[in-house]
Each structure stands twice: as structure tokens, then as C-alpha cells.
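**Student:** One structure, pasted below without further comment.
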Amino acid sequence: MKTRYRILCFIALFQLLSCDDFVDIQPRGFAIPSSLRDVDLLLNNASLITQGTNQISSLLNDNIQLTNEELDFLNSTRGTSVTPNIYNLEPIFFGPDQADLTWNLNYQQIGLANFALQTLEEIDTDDPLKLVYEADARMNRAYNYFVLVNTYGPHYGLPEAAVAESGVPILMRFADESVALVRSSVNEVYEFIIEDLEVAIASLPNSVFTSNRPNRAAALGLMAEVRLHTGDYEEALSLALEALETNNTLIDYEETQNTGFGRLPQLIRNPENFWAKAEMVQLVDGGGFNTNGISLTAYSQALLDIIDRDNDLRFVYLIQDPVTNNFVYEENFNFAIGVTVPEVMLIAAECYARTGDIINALTLVNRLRSFRFSNDFVNAGNHILSANDSNTAIQVVLDERRREFNTNGHRFYTIKRLNAIENGNISLARQSDTYTPNSINWAVPIPQNVVQTSEGQIKQNARE
């Protein structure tokens, strides 16, 4: 009971943190975790250690489209300009008094991981769980840095990625005010992520009690995604296939949808999760559908053009505007967030295609699709896609990725990756502003309150 009380006190402290002081975390006034059991309880608090958001990435991609009327409505109902600022590619997304949850939540979790690691350093024991908990904390830290560096920095592979201060600050100690907050380069952050994941792969167990804790397959899957983003397709493929040997479970959408609209299993109850991350999804509908005659969260025409509106169950069950026939995102529709089987399968499929193995690439894509259409449609073979060459196969995989992850923000990172290492030539145009391929604007502006409170240590991203 005393141990649980100490952990609850520690958690309460983090929940009261100032949003703009993302590293000044000072536990004081009560006992703090000091045993393996304490660290286990801390890492097991899914609502704290795995919380994230797609607030930025879900808006900065070409899968959705919003009108000025809709943006004005969001601004008036929410009392904040953040969503319109992001969607319209404004030079600054968050004002001095607005919290950027992508920055804050990821650095909060990095602080927690660092605290767990420092606590473990001070525990003198030969218990093998010490290495497991270290690997767990490093896995969390790697995931958070992967989100941060791919949001606020130019993509790996661009010349700018090697430039000093192009990435984000690497913090390795808990609440150490003597450590400079200067941003590391993107390449340095990637090296740090890879180092953490190598430890995680070496020490995480093959199985865990609940998927809010990572196992070895989850670490393999995340490392596969990292390698995909560096363009190392052979290594990414090897890692992804090894992860899929542990779990390749997919949900039958027809069976799930028959139980009620959009009710996929959430988080740890979703068998498609290697590792379940809780995520505060950015809903751009303000919590209601077709409010005041406005249909919100409409898919872009580019996405609509590659959707089978009549048969793909990822879209058939979504509410549609009766006038425009555009889809409307349902809050509970997709809860495979973190390291997931569909993500790892599509990583493997893309890497197969890029290394010339068209047959295996399409086999994985079509297996995924067989769980996303009705049984009658699949039994007739109508879900099957084909390609005669590698370039076509790559496009098949990328289109399937857009359909599978249509609103959760994956597309933002995919665009940056394809532009940087595959000359994807993908732009993002909104009103009078455009992010051209590999523009410095793809490195999202650092929140103003972070720049200000860093006292000059953290420099703002330049804008074109």
C-alpha cells in the first residue's frame, strides 16, 4: 500500500506540471520510487507513460480538407486558433499562452523514462528485471524522440538533417538544470534512438502481460519503422518480418462492424497492437457531426479517388454528408495506435517492393485487405490488388497505407520521408500557402513558450 501511495503521489506531481516548462520536473516533499517494484508501477501507468497526440500530424497532410467556413466554426466553438493555424500552414501554430501537446507530452514521457533509468542506476541488484525495466524505459524514450524529431526537424537524409541544432534537445537526465537545452542535429537524435532500441531489442521479453508494456517484437517493429525512415529497406524488412513472426493478428472488420458502428477494440484490447500507445486523437469535427449543416473532417479528393466507397469497410460504415457524400471521421473507429501489426506489415510490404520482391509485397497487402472487406467480397477475390513492376507495387503499398491510416497522422511523416529519400515530389497546399517538397517549413515551428522559456538555448525553426 505504501509503495502504491508513493507512486500515486509521483504521478500527481507530473499531472500538475506547467505546460511550458517541459524539463523542470522537481519531485520533492514525498518519497519517490526507489525499488524495482516502484519502477514497475511507474512504467505500468499507461495513462501517463504512453499518452500522446496526433494534434499536428493529423492536420498536416493531404488526406483531409476543410473549408474556411468549417475552420471559422472550429475557431468559434473551441475558442482557440490552433486548428486553423496548423491547417492553414501559419508561420506559428501555438501562441505564447497555448500548449503544444506534441512537444509537452513527449518530453513529459522522456522525463519519466529518464527518471526510471536513474532510479534503476541506484538500485544494487542482480535481479534480471532490472535490465527488462531499463529496456522498457528506453523503448518509451526512443518512441517519444522519434515523434519529436520527425515533427520538428527536417527529415533524415536531407543535408539539413546533419546541421547542428536541426533536431530537438536530447535530454538523458531527469530534471538536470545544468544540462543545456540546445537542439541536437536530426542525425544525432536518430543515432540516440537507434542506441536505445538496440538495448530494448536485446533485453525486452518475448511476451508481456499487457500490451501497454513493450515486448521484443514491439521493439523490432519500431526499429523497422526507424530504418524505413532512413531508407535502409533491407534492414527494415528483416526487422519487420522478425516482429511479425511473433504477432500477425488482424481484426476482421466485417465481424467487428456487425457488433455496432465503429467499435473496434481499444488499446490493450486490440490484438493488432504490438504495443498500445494511448493517443488523444485530433478530432477536427469539434465533437459532433454535420453541426449547423457543416460536414467536418472531409477526406480530400486525392484520398477519395483511391477509396472503394462501396466495399472498403474502413470507410463504408463512416457517416457521410448527404450533400457532398464526403466521409466524416468517427471518434472510435481506429484504435490501433503505437506499434501495430498493420503498420509493420505495410513496412515489410514496402520494403519487399523496393527490393524487387513484388510477389511478397502484394501478398502482405492483400492479406491485410482480406480483413478489411466483407467475406463475400473477399471470397470472390475482389479485394486483390496486382502490379507488374516494382514502381507499381510501391504505389500499391503507399495507397494502402493511406487507406489504412487515413486520419491518424501517419501520412504527414510518410510525405516527409518520401520527399527526403525517394524524391516523392509531394506538396501540401492550403489557401495561399504551400509546403513544397523538402521545404524547411516541413520542420514544424517550435512552440513559442518553449523558445521563450529556454532563454535563447532553443532556436526557432526558420520559415520560408
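**Student:** Which of the residues belonging to the stretch 251-270 are aromatic (Phe, Trp, Tyr) and either open to solvent by less than 40 Å² (accessible area, probe 1.4 Å) or at pLDDT 65 or above (or both)?
**Tutor:** Within the stretch 251-270, just Tyr253 meets the criteria.
**Student:** Follow-up. For the stretch 399-412, check the following and say yes or no: at least one residue is open to solvent by 50 Å² or more (accessible area, probe 1.4 Å) and over 23 Å from Gln55 (Cβ atoms).
**Tutor:** The answer is no; no qualifying residue exists.
**Student:** Scanning the stretch 339-369 for residues that are in contact (Cβ under 8 Å) with a residue 40 or more places away in the chain and open to solvent by 20 Å² or more (accessible area, probe 1.4 Å), which turns out farthest from the chain's Cα centre (by Cα)?
**Tutor:** Thr355
**Student:** Collect the residues in the stretch 120-146 that are among the polar types (S, T, N, Q), open to solvent by 10 Å² or more (accessible area, probe 1.4 Å) and in a helix (DSSP H, G or I), keeping them in residue-number order.
**Tutor:** None; the set is empty.
**Student:** Right, here's the next one. Within the stretch 426-435, can you find the residues that are more than 21 Å from Asp399 (Cβ to Cβ) and without any contact (Cβ under 8 Å) to a residue 24 or more places away in the chain?
**Tutor:** Listed by number, the list holds a single entry, Ser432.
**Student:** Right, another one. Looking at the stretch 67-104, which of its residues are among the hydrophobic types (A, V, I, L, M, F, W, C), out of contact with any Ser or Thr (no Cβ under 6 Å at 6 or more places or on another chain) and either open to solvent by 20 Å² or more (accessible area, probe 1.4 Å) or under 17 Å from Val444 (Cβ atoms) (or both)?
**Tutor:** Passing the criteria: Phe73, Val82, Ile86, Leu89, Ile92, Phe93, Phe94, Ala99, Trp103.
**Student:** Would you check if Leu181 is farther than 20 Å from Ala137 by Cβ and either over 20 Å from the mean Cα position of the chain (by Cα) or hydroxyl-bearing (Ser, Thr, Tyr) (or both)?
**Tutor:** Answer is yes for this residue.
**Student:** Return yes or no: is Glu160 closer than 29 Å to Glu455 by Cβ and either under 22 Å from the mean Cα position of the chain (by Cα) or without any contact (Cβ under 8 Å) to a residue 12 or more places away in the chain (or both)?
**Tutor:** no
**Student:** Please list, ordered by first then second residue, the pairs with beta carbon atoms under 7 Å, 6 or more apart or interchain, first in the stretch 304-315 and polar (S, T, N, Q), second not in a loop (DSSP other than H, G, I, E, B).
**Tutor:** Filtered contacts from the stretch 304-315: Asn311/Phe377.
**Student:** Same structure, new question: So, Val163, is that one modelled with pLDDT of 95 or more and either in contact with a strand residue (DSSP E or B) (Cβ under 7 Å, 6 or more places away or on another chain) or buried (at least 22 other Cβ atoms within 10 Å of the Cβ) (or both) or not?
**Tutor:** No; evaluated as a whole, the condition is false for this residue.
**Student:** May I pose another question? Only one residue in Asn273, Asn248 is modelled with pLDDT of 60 or more and touching a strand residue (DSSP E or B) at 6+ places or on another chain (Cβ under 9 Å). Which one?
**Tutor:** Residue meeting the stated conditions: Asn273.
**Student:** Let me ask something else. Among the residues of the stretch 419-437, what is the count of those that are crowded, with 16+ Cβ neighbours inside 10 Å and either touching a Pro at 6+ places or on another chain (Cβ under 9 Å) or not in a helix (DSSP H, G or I) (or both)?
**Tutor:** Matching residues across the stretch 419-437 total 8.
**Student:** Among residues belonging to the stretch 371-398 that are in contact (Cβ under 8 Å) with a residue 60 or more places away in the chain and under 26 Å from Glu242 (Cβ atoms), point out the one that is most open to solvent (accessible area, probe 1.4 Å).
**Tutor:** Phe371
The values are calculated or read from the model by the stated rules, or taken from the named source; none is laboratory data. Please read these numbers as outputs of a predicted model, since none were measured by experiment. FYI the Cβ positions are ideal-geometry reconstructions off the backbone, even for glycines, and counts take in every protein chain you see. Each accessible area value is taken on the protein alone, full model and side chains, heavy atoms only, with ligands, DNA and RNA left out. Shrake-Rupley method; radii C 1.70, N 1.55, O 1.52, S 1.80 Å.
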